[in-house]
Each structure stands twice: as structure tokens, then as C-alpha cells.
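Below: one structure, written as C-alpha cells.
The values are calculated or read from the model by the stated rules, or taken from the named source; none is laboratory data. This is a predicted model, so every value here is computed, not measured. We place every Cβ from the backbone using ideal geometry, glycine too, and count neighbours over all the protein chains shown. To get the accessible areas, we keep the full protein, side chains included, count just its heavy atoms, and leave off ligands, DNA and RNA. Shrake-Rupley method; radii C 1.70, N 1.55, O 1.52, S 1.80 Å.
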Amino acid sequence: GAAKGGVFIVEKNRPETWARVVKKIMVTLQSDPDMNEAMRNALAVIAAVGGNNSHTMIVANEYGLIAISGIGDIDKFYNGQKVTVDATRGVILAGDDYKLALKDCYSSQKSFCLYELGFWLKDNETEW
């Protein structure tokens with residue numbers, strides 16, 4: 001799936017700021033159970049540390065969030081920066097000027113998939 005929006009950096013030692021992650025792309029060094037509520041309110045989660053079995057990815061899966069973990073350096077991100085997170089391909093794109101289209105990506109689950117602006121998806125049953 002994919003999500004786009006403004007970045008908010010969540011720091012473990014500043015829990016008083018976590019409420020500001022609502023409907024934003026949460027970027028953190030590493031998540032932990034204390035951050036679950038902040039994660040639940042985010043559009044997507046990006047973590048510097050972790051892998052498929054990390055806390056970030058397990059909680060993101062439970063909450064149905066878009067997430068990428070284990071990217072290493074997060075110093076390139078800043079609060080308010082516009083990004084698009086495409087977890088299906090494992091990429092983070094600068095800017096939020098991409099079209100997200102609702103599509104059946106796997107099985108019967110609906111998910112947002114990323115298409116460049118101007119891309120029109122048409123199949124036998126549905127026009128997007």
C-alpha cells in the first residue's frame with residue numbers, strides 16, 4: 001500500500017509531541033510499545049531501525065498501517081516535509097504529488113497503490 005502527507009519526526013524522549021503525528025507520516029529512529037497510540041494515529045510509519053519482525057512492522061500490520069522499517073539514516077527527513085511512502089515497492093518518494101488509487105492488490109483486500117499523476121488504470125470490471 002501507499003500513503004502521502006507531511007512528515008512528523010517522533011523522538012522517544014519527547015512523548016509530549018507525539019499527539020502531533022495525527023494524519024502525518026511518522027518518522028522515528030525505532031518504535032516501541034509506548035509509541036503505539038502515536039502509530040495508530042499516523043498515515044504511515046518510517047523507522048530507521050528494524051526489519052519485517054520488528055515492533056514497527058508488527059504493530060503496523062496489526063493496525064493496517066503503511067510502514068517501511070530499516071532504512072538507516074533518517075536525518076534527511078524534517079517536520080512538514082511532503083513525502084509519499086510506497087510500502088509495496090519499499091520506496092519513499094520526495095513530494096506528495098502522486099496519485100493514490102484504490103485497487104485490489106492482493107486477494108480480496110483493498111489497498112492504496114501508487115501511480116504517477118496522469119496514470120489511468122482500467123481493467124475488465126472497474127475504472128479507477
Quiz item: Filter segment 94-112 for residues that are in a loop (DSSP other than H, G, I, E, B) and modelled with pLDDT of 75 or more; which is most open to solvent (accessible area, probe 1.4 Å)?
Solution: ASP97
Quiz prompt | Condition broken by ALA42, with the remaining ones in (1) within 17 Å of GLY70 (Cβ to Cβ); (2) crowded, with 23+ Cβ neighbours inside 10 Å; (3) free of Cβ contacts under 8 Å to residues at least 40 places away in the same chain; (4) not aromatic (Phe, Trp, Tyr) satisfied | solution = (1)
Exercise. Determine the pairs where a residue that is buried (at least 19 other Cβ atoms within 10 Å of the Cβ), located within segment 73-93, has a partner that is among the aromatic types (Phe, Trp, Tyr) and assigned to a loop (DSSP other than H, G, I, E, B) with Cβ atoms under 7 Å apart, the partner being 6 or more residues away or on another chain.
Key: THR84/TYR98
Quiz item: Only one of (1) surrounded by 14 or more Cβ atoms within 10 Å (Cβ to Cβ); (2) out of contact with any helix residue (DSSP H, G or I) (no Cβ under 8 Å at 6 or more places or on another chain); (3) within 20 Å of MET39 (Cβ to Cβ); (4) modelled with pLDDT of 55 or more fails for GLY64. Which number is that?
Solution: (1)
